[in-house]
Amino acid sequence: MLLAEPVAVPPAPTMPPPLGVESAPTRSRWFRAPTANLWTAIILVAGSAALPWIASPSVRAIPSDIPVRFLYDVDAASGGVSLFWVVIGLATAILLGSISPATDWLRRMAGTVAMILPVLVMTQWLRYLDESGQSNRLWGFIGVGCFAIGAGGLLAMLSSSRE
């Protein structure tokens, strides 16, 4: 019985890379487009500036009607910087924090502040209602804007900026 000798298989020929063809461009690590969740967060936070934060049959207040001083002083006069500018600043910070990996901290911080801001407003409003002897039923006075900015802040804080 004759045994066949092993035959060496030649390696497959390698092709040189085509001339003039470069690899697909890689995405810049410095800037990127925000994800859909972050766009939703930005729209919710910015849109809450036009929605009522305090809504009742007798009072309807949007952020441009509420002074920033109201956050720490119930008897604040209606003047000075309004919450409108704070809300727009938060939406801008979320946008800037979502376009660069180096500024993820800014997006998370703005999301946290956007979640805390309506809580502060509603706490002060409840304090105002208690001092004035009106109804202390807070849930009847919370407007849709408080829920919108809270949801936008939560979404901005928890969303991943990676695609």
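Descriptive notes on the structure:
- Taken together, the criteria exclude Asp130 from residues that are of a type outside the set (A, V, I, L, M, F, W, C), surrounded by fewer than 16 Cβ atoms within 10 Å (Cβ to Cβ) and either in a loop (DSSP other than H, G, I, E, B) or modelled with pLDDT of 90 or more (or both).
- Taken over the stretch 55-82, residues that are touching a Lys or Arg at 6+ places or on another chain (Cβ under 7 Å) and either within 15 Å of Phe147 (Cα to Cα) or of a type in the set (S, T, N, Q) (or both) amount to 0.
- Flag for Met115 being under 22 Å from Gly143 (Cβ atoms) and free of Cβ contacts under 8 Å to residues at least 60 places away in the same chain: yes
- Selection status of Gln124, polar (S, T, N, Q), farther than 15 Å from Leu44 by Cβ and modelled with pLDDT of 85 or more: yes
- If the condition is being in contact (Cβ under 8 Å) with a residue 40 or more places away in the chain, hydroxyl-bearing (Ser, Thr, Tyr) and touching a helix residue (DSSP H, G or I) at 6+ places or on another chain (Cβ under 6 Å), then the stretch 43-73 contributes only Ser48.
- For the stretch 104-148, the set of residues classified as closer than 19 Å to Val86 by Cα and of a type in the set (Ser, Thr, Tyr) consists of Thr112, Thr123, listed by residue number.
- Residue within the stretch 59-69 that is farther than 19 Å from Phe141 by Cβ, modelled with pLDDT of 75 or more and acidic (Asp, Glu) present: no
- Residue in the stretch 133-143 that is surrounded by fewer than 17 Cβ atoms within 10 Å (Cβ to Cβ), of a type outside the set (A, V, I, L, M), without any contact (Cβ under 8 Å) to a residue 12 or more places away in the chain and not in a loop (DSSP other than H, G, I, E, B) present: yes
The values are calculated or read from the model by the stated rules, or taken from the named source; none is laboratory data. Here the structure is a predicted model, which is why all the values come from computation and not from measurement. Every residue, glycine among them, receives a Cβ derived from its backbone with ideal geometry; neighbour counts consider all protein chains shown.
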